[in-house]
Amino acid sequence: MKIERIMPGMGIRSNVGTMGVAGVTLIRDDVNVLVDTGHFGTRNVVKEEFARRKMSPRDIDVVVLTHLHWDHVLNVDMFGDAKIVVGEKELKEGILLEDDKRFDRAFKSLLRGMDVRTVNDGDRVSKHARALITPGHSPGHVSLVVDGVAHGPAVFSGDAVPNFRAYLRGFPDFSFYDQAQARESVAAIRRLNPGVIYPGHDSPFNEKGYIERDDFTLILRRENEENSLVTIRHVTADQPVIKDPPRSR
């Protein structure tokens, strides 16, 4: 079994809105499982990562949609040969966008033309991967627990635990459905004592801290046919400078 990050999740916001970059991860088990698909703005990155691995979307057997928010699901049409796994309550009550139900109806119409399977707690999606229902952020949010990983299970938490600060806080950044359930979902994931958590919008971590850190490059297009790039990297901080106080004589 092997876990490969197709696209990192990031929590990127600006004064004009959010970029909604959700993580996309491949689990090579007895079948190939993809967790979330990203959205149209990240589609080319997903395609490039499959090509780099000499794979195509047809090689994916199962797609797990943690929930139906737009930033996690809009590329699902790329995987027409796969089984699409979603929480039972999420399929009934989950939404793509809050403001316009027409988008929800259109997206669920697309799903009805695919091989959709609903799951409940403990249902297997592959030999080592099982569903954990983690509602609160959305009605039927589903996380994925993968056993057989060194140092404890791997948890793909979607937006039930979107980032490390939500894990520490015990509550996700956004709760669109039920605050009490959202808190319990974080607690349920913590009780598993995961060796690694792959969150919806952050780098992988566990209770001790980040396991990996992702770089982020912001590209600003300028009027003179040049791009300005701002890259954010995470490096080890300098050690504190401690000077002994002067000794009195």
Looking only at the stretch 161-182, decide whether some residue is touching a residue at least 60 places away in the same chain (Cβ under 8 Å), in a loop (DSSP other than H, G, I, E, B), under 16 Å from H72 (Cβ atoms) and in contact with a strand residue (DSSP E or B) (Cβ under 7 Å, 6 or more places away or on another chain).
yes
Has the stretch 137-159 got at least one residue that is under 18 Å from the mean Cα position of the chain (by Cα), aromatic (F, W, Y) and at pLDDT below 90?
no
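Take the conditions closer than 23 Å to H201 by Cβ and modelled with pLDDT under 95 and apply them to F50. Does it pass? Walk me through how you get there before you give the answer.
On the way: closer than 23 Å to H201 by Cβ: yes; modelled with pLDDT under 95: no.
It is false that F50 is closer than 23 Å to H201 by Cβ and modelled with pLDDT under 95.
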Residue within the stretch 136-157 that is buried (at least 23 other Cβ atoms within 10 Å of the Cβ) and either farther than 17 Å from D36 by Cβ or without any contact (Cβ under 8 Å) to a residue 12 or more places away in the chain (or both) present
yes
Scanning the stretch 189-216 for residues that are more than 15 Å from the chain's Cα centre (by Cα) and closer than 21 Å to D71 by Cα, which turns out surrounded by the most Cβ atoms within 10 Å (Cβ to Cβ)?
F216
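To keep it simple, each residue is scored yes or no on (1) farther than 23 Å from G11 by Cβ; (2) out of contact with any Pro (no Cβ under 9 Å at 6 or more places or on another chain); (3) of a type in the set (D, E, K, R).
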| residue | (1), (2), (3) |
| --- | --- |
| D123 | yes, yes, yes |
| L132 | no, yes, no |
| P135 | no, yes, no |
| S138 | no, yes, no |
| A154 | no, no, no |
| S157 | no, no, no |
| N163 | no, no, no |
| A166 | no, no, no |
| A180 | yes, yes, no |
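Quick grid of which residues meet (1) surrounded by 21 or more Cβ atoms within 10 Å (Cβ to Cβ); (2) in contact with a Cys (Cβ under 7 Å, 6 or more places away or on another chain); (3) touching a residue at least 24 places away in the same chain (Cβ under 8 Å); (4) closer than 21 Å to S157 by Cβ:
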site	(1), (2), (3), (4)
V16	no, no, no, no
M19	no, no, no, yes
R28	no, no, yes, yes
V46	no, no, yes, yes
V63	yes, no, yes, yes
Within the stretch 51-61, which residues are outside any helix (DSSP H, G or I) and either surrounded by 20 or more Cβ atoms within 10 Å (Cβ to Cβ) or among the aliphatic types (A, V, I, L, M) (or both)?
M55, I60
With (1) more than 15 Å from H69 (Cα to Cα); (2) basic (K, R); (3) surrounded by 12 or more Cβ atoms within 10 Å (Cβ to Cβ) as the list, and R112 as the residue in question, which single condition is left unmet?
(3)
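The values are calculated or read from the model by the stated rules, or taken from the named source; none is laboratory data. Since we're looking at a predicted model, the values are computed, not measured. Ideal geometry is used to build each Cβ from the backbone, glycine not excepted, and the neighbour counts take in all protein chains shown.
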